[in-house]
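J.: Shown below is the structure under consideration.
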Amino acid sequence: MLKFYNTLSRKKEVFRPRKKKKVNLFVCGPTTYDFSHLGHARTYISYDMLVNYLKFLGYKIFYLQNITDIDDKIILRAKKEKKKWLELARFFEKEYLKDMKALKIDSVTRYARATEHIEEIQSQVKRLLKKGYAYQIEDGIYYDIKKFKDYGKLSRRSVEQAEDAVSRIDTARKKRNIGDFCLWKFSKANEPKWPSPWGDGRPGWHIEDTAISEKYFGVQYDIHGGARDLVFPHHEAEIAQMEAVSNKKPMVKYWLHAGFLTINGRKMAKSLGNFITIKDFLKKYIPDVLRFIVFSSHYRSPLDFSDKLAKEAKTNLEKLEEFLRKLRETKGKPGKDNKNLIENFEKKFFEVLEDDFNTPKAKGLIFDFISKINKKIDENQLSQKETKTIYNFFKKINKIFNILDFKKIERKEVLSKEIKKLVELREKYRLQKNWKKVDEVRKKIKKLGYEIEDTSQGPKVKKD
Ligand SMILES: [Zn+2]
């Protein structure tokens, strides 16, 4: 039975979507004022795998992501760089989408820009005003958190604790409570603005998500994801807005939060000089390495990135590829408990995934299984039919994780005539037991960049 840890209940719960096999999922998208970094990559790869997994299980998914293309940070950076805010926002949106494509993330059904949902945003603000949850002061419309009885239920904070956390980031003086957040911000001179019944302005950050999710999903839906640091105040505010508007709860049935990413044990920050963009990463490694790193850690756990970790991931991926190549060439006899071994592995693999998508455990099972199968291959105890079963299993689960390049694995190495001749020559000397000559030819082959290995099926040549 599939279970997910729900931040709202702080428990693992059996996953039962609102409408049987149909799942509506929303994940907070980027604010497009800068290049995306490894923290973003971790979050979005996690949800990409999760969505692929749900599809694999037969669910029909609508994966919705918002794009925050109007925000103080965008306005500020545009001013600094003497650019138009919209140009800057569109530029970084393009870069974000390029990064996602490079990371093989293709599960998002729809990206929705905040600026293209102003009408929906204003409609929610209107309803909140009418119901008495919102009020107007000189610089905008605010949400009164004391009016919403359930405020704090996701982050487990009281209104007072909420105020403590918010006071540093929002200092509008005339608010009723320090923790009250802005729904509609009146624009100052030369700032982007949209007309509204209350005055020209722009939307607050929290309201765009609920306006967008209401448009595509209605007032209640299945899963909301995002990085853990969004639980408060962002997701708490979303609940306050939507449940106050609709009078229906819960707005979201399952809240799934992804863990933080640190770099060598420290928070990633430009000021610390350890800020790694996705583009930086991809200059050094292939995307599969990052996907493998994400796969190796649980989506809810913190992930500490380092070059050592990336190198380990690279080595592990190579091991996996090597194993799959070897499988394709294995034609042994059927072994004794092979059937059991393979079936148990597959069963356990899917069991750990059902338990809150425990990918590190799944990874452990894979490498344990590989070492057992490698032994069987060495002992000539694996039939072609069995290798095919195993190979196809890996091909199947790669639809979820997308960490392996099967085209590369299945590409036939075309050897030059020269190498082929040398291999034949070496084989001739080997059968004559002329070890000195064997070694000489081996060295020649190595000089050309190839390594030769004797297996039960004859000599095998591979790139050094
Ligand atoms: Zn959001």
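J.: Provide the net charge surrounding ASN344, with neighbours chosen by a C-beta distance below 13 Å and charges set as Lys +1, Arg +1, Asp -1, Glu -1.
T.: -1
J.: Order LYS421, LYS336, LYS79, LYS372, most accessible first, counting only protein heavy atoms with a 1.4 angstrom probe.
T.: LYS336, LYS421, LYS79, LYS372
J.: Enter the accessible area of ASP355 (Å², nearest 10), with the probe set to 1.4 Å and all protein chains included.
T.: 50 Å²
J.: Give the carbon-plus-sulfur fraction of the accessible surface of the chain in %, rounded to a whole number; probe 1.4 Å, heavy atoms of protein chains only.
T.: It is 51 percent, rounded to a whole number.
J.: For the chain, report the accessible area per residue in Å² (1.4 Å probe, heavy atoms, rounded to an integer).
T.: 51 Å²
J.: Can you compute the FRET efficiency between LYS149 and TRP194 using 1/(1 + (r/R0)^6), with r the Cβ-Cβ distance and R0 = 25 Å? Round to the nearest 0.05.
T.: Calculated value: 0.20.
J.: Could you work out the helix-only [θ] at 222 nm for the chain, with each DSSP H run of four or more residues adding -39,500 (n - 2.57) and the total divided by the number of residues, to the nearest 500 deg cm²/dmol?
T.: Only helices count here, giving -15000 deg cm²/dmol.
J.: For segment 385-425, rounded, prolate or oblate, judged on the Cα gyration tensor with a ≥ b ≥ c (square roots of eigenvalues), a/c < 1.5 rounded, else prolate if a/b > b/c?
T.: Here segment 385-425 falls in the oblate category.
J.: Report the chymotrypsin sites (Phe, Trp or Tyr not before Pro) located in segment 1-47 that are in a DSSP loop and have at most 10 other Cβ atoms inside 10 Å of their Cβ, or state none.
T.: When the chymotrypsin sites (Phe, Trp or Tyr not before Pro) of segment 1-47 are filtered for loop state and at most 10 Cβ neighbours within 10 Å, nothing remains.
J.: Same structure again: Which value, in Å² rounded to 10, gives the accessible area of HIS235 with a 1.4 Å probe and all protein chains present?
T.: Its heavy atoms expose roughly 0 Å² to the probe.
J.: Between GLU116 and GLU81, 0.36 nm times their residue separation minus their Cα-Cα distance comes to what?
T.: 10.1 nm
J.: For LYS395, what accessible surface area do you get with a 1.4 Å probe? Give it in Å², rounded to 10.
T.: 80 Å²
J.: D for segment 54-160, whole µm²/s, Stokes-Einstein with Kirkwood Rh over alpha-carbon pairs at 20 °C and 1.002 mPa s: what number?
T.: 123 µm²/s
J.: May I ask you to list the aspartates and glutamates whose Cα is less than 19 Å away from that of LYS21, ignoring any residue fewer than eight positions away on the same chain?
T.: Straight-distance partners of LYS21: GLU13, ASP48, ASP222, GLU354, ASP355, ASP356.
J.: What does the C-alpha gyration tensor say about the overall shape of segment 226-367? Classify as rounded when a/c is under 1.5, otherwise prolate if a/b is larger than b/c, or oblate.
T.: It is oblate, given that a/c is not under 1.5 and a/b is not larger than b/c.
J.: While we're here: Where in the chain lies the longest segment free of GluC sites (Glu not before Pro) that are both loop residues by DSSP (not H, G, I, E, B) and have at most 13 other Cβ atoms within 10 Å?
T.: Between the exposed loop sites, the longest stretch runs 139-378.
J.: Ok, one more. At 1.4 Å probe size, put ARG266, ARG42 in order of accessible surface, largest to smallest.
T.: ARG266, ARG42
J.: Once you keep just the Cα pairs under 8 angstrom separated by 6 or more residues, what percentage relative contact order results for the chain?
T.: Once normalised by length, the contact order is 16 percent.
J.: Does the chain classify as rounded, prolate or oblate by the C-alpha gyration tensor (a ≥ b ≥ c root eigenvalues; a/c under 1.5 gives rounded; else a/b over b/c gives prolate, otherwise oblate)?
T.: Here the chain falls in the prolate category.
J.: Here's something else I'd like to know. What do you reckon, how do SER416, SER46 stack up by accessible area (1.4 Å probe), largest on top?
T.: Ranking SER416, SER46 by accessible area, largest first, yields SER416, SER46.
J.: Using +1 on the beta carbon of Lys and Arg, -1 on that of Asp and Glu, and nothing else charged, what's the dipole of the chain about the Cα centre, debye to 20?
T.: It comes to approximately 1660 debye.
J.: Within the set LYS314/LYS407; LYS153/LYS363; LYS279/LYS407; LYS388/LYS460, which residue pairs have Cα atoms separated by over 29 Å?
T.: LYS153/LYS363
J.: Still on this model: Taking amide H positions as placed 1.01 Å from N in the peptide plane, with prolines and chain starts having none, which residues 5 or more places from LEU8, or on another chain, fall under 5 Å of its amide H?
T.: Residues meeting the criterion, in which the H sits 1.01 Å from N, are TRP255.
J.: With +1 on the Cβ of every Lys and Arg and -1 on the Cβ of every Asp and Glu, and nothing else charged, how large is the dipole of segment 109-226 about its Cα centre, in debye rounded to the nearest 20?
T.: Roughly 300 debye, rounded to the nearest 20.
The values are calculated or read from the model by the stated rules, or taken from the named source; none is laboratory data. Computed from a predicted model, the values in this text were never measured in an experiment. Neighbour counts are summed over all protein chains in view; Cβ atoms, including those assigned to glycine, are modelled from backbone coordinates with ideal geometry. Quick note on the areas: whole protein, heavy atoms, side chains included, nothing else; ligands and nucleic acids left out. Shrake-Rupley method; radii C 1.70, N 1.55, O 1.52, S 1.80 Å.
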